[in-house]
Amino acid sequence: GDSVTQMEGPVTLSEEAFLTINCTYTATGYPSLFWYVQYPGEGLQLLLKATKADDKGSNKGFEATYRKETTSFHLEKGSVQVSDSAVYFCALSATSYDKVIFGPGTSLSVIP
Amino acid sequence: DGGITQSPKYLFRKEGQNVTLSCEQNLNHDAMYWYRQDPGQGLRLIYYSQIVNDFQKGDIAEGYSVSREKKESFPLTVTSAQKNPTAFYLCASSSVRGTEAFFGQGTRLTVV
């Protein structure tokens, strides 16, 4: 079935380091792709999205490009801050689905 | 402001008691979802509903029940049959298939 795979965490980075969190997906159709962020004790917030191949989603310095040829949607940020410490979830959805499919999440800790 | 409201934020119950978690949305979304999240874990789908008066079991429905009598409300009951109910519960909604889900702030249930 359709699924989302993310890199294993936890990931620990120093402040101002470059961040990449890998996400690959398996889907039979043409899904929309999403990144969500979850801060401790809170619900998930939509961080960015892309709805078709080669689209780039961006928000708060984070970016991800929908790569159909590699079925990937990797999250990147050029310079992380301590406030970026959270769990990041990659997800997909399509009109043929009746629910959003989430990856397992990747925990990020940024140290000063 | 439109959004999803979960209440209460923290809930304590004695073992063997049923408890109902509230989820209300004013986004006019058709679809609503309940997820369970255990510490350091991803999301597991409990129940979802695409339309009023209809709902489907997710991956871990045993020991839970839901109703969808109104479009804006999707309460979750954790019954005494749920073996390990202590967890963080998240409610979400989405407008149409293929679009992102919006989340509430979660309810942390502790059974003592």
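Can you give the log10 of the normalised intensity I(q)/I(0) at q = 0.13, 0.14, 0.21, 0.22 Å⁻¹, computed with Debye over equal Cα scatterers of chain A? Normalising to I(0) and taking log10 leaves -0.44, -0.51, -1.11, -1.21.
Residues B:Y48, A:Y39 ordered from highest to lowest accessible area at a 1.4 Å probe: A:Y39, B:Y48.
In the context of the full set of protein chains, residues of chain A present 47 Å² of accessible surface per residue (probe radius 1.4 Å, heavy atoms only). Computed on the protein assembly as shown, the Cα convex hull volume stands at 124 Å³ per residue.
Restricting to Cα pairs below 8 Å that are 6+ residues apart, what does the relative contact order work out to for chain A? Please round to a whole percent.
Worked out over chain A, it gives 36 percent.
Taking every alpha-carbon pair under 8 Å whose residues sit at least 6 apart, chain B reaches a relative contact order of 35 percent.
When only alpha carbons of chain B are considered, Rg and Dmax amount to 13.1, 40 Å. Reported to the nearest whole Å, the Cα centre-to-centre distance from segment B:11-61 to segment A:34-112 is 23. Positive end of the dipole of the protein assembly as shown (Cβ unit charges, origin at the Cα centre): among B:S94, B:I51, A:S3, the Cα lying farthest that way belongs to B:I51. Share of carbon and sulfur in the accessible area of segment B:10-79 stands at 44%, probe radius 1.4 Å.
Split the accessible area of chain A by element, probe 1.4 Å, and carbon with sulfur accounts for 49%.
At a threshold of 20 Å², the residues of segment A:23-49 that become less accessible to a 1.4 Å probe in the full protein assembly than in their chain on its own are A:F34, A:Y36, A:Q38, A:G41, A:E42, A:G43, A:L44, A:L46, A:K49.
Solvent-accessible area lost on pairing A with B (1.4 Å probe, both sides summed) amounts to about 1600 Å². A 1.4 Å probe run over the protein chains yields, for chain B, 50 Å² of accessible area per residue, whole-number rounding.
The values are calculated or read from the model by the stated rules, or taken from the named source; none is laboratory data. Computed from a predicted structure; not experimentally measured. When we count neighbours, we look across all protein chains shown, and the Cβ atoms used for this are built from the backbone with ideal geometry, even at glycine. These area figures cover heavy atoms from the full protein model, side chains too; ligands, DNA and RNA do not enter into them. Shrake-Rupley method; radii C 1.70, N 1.55, O 1.52, S 1.80 Å.
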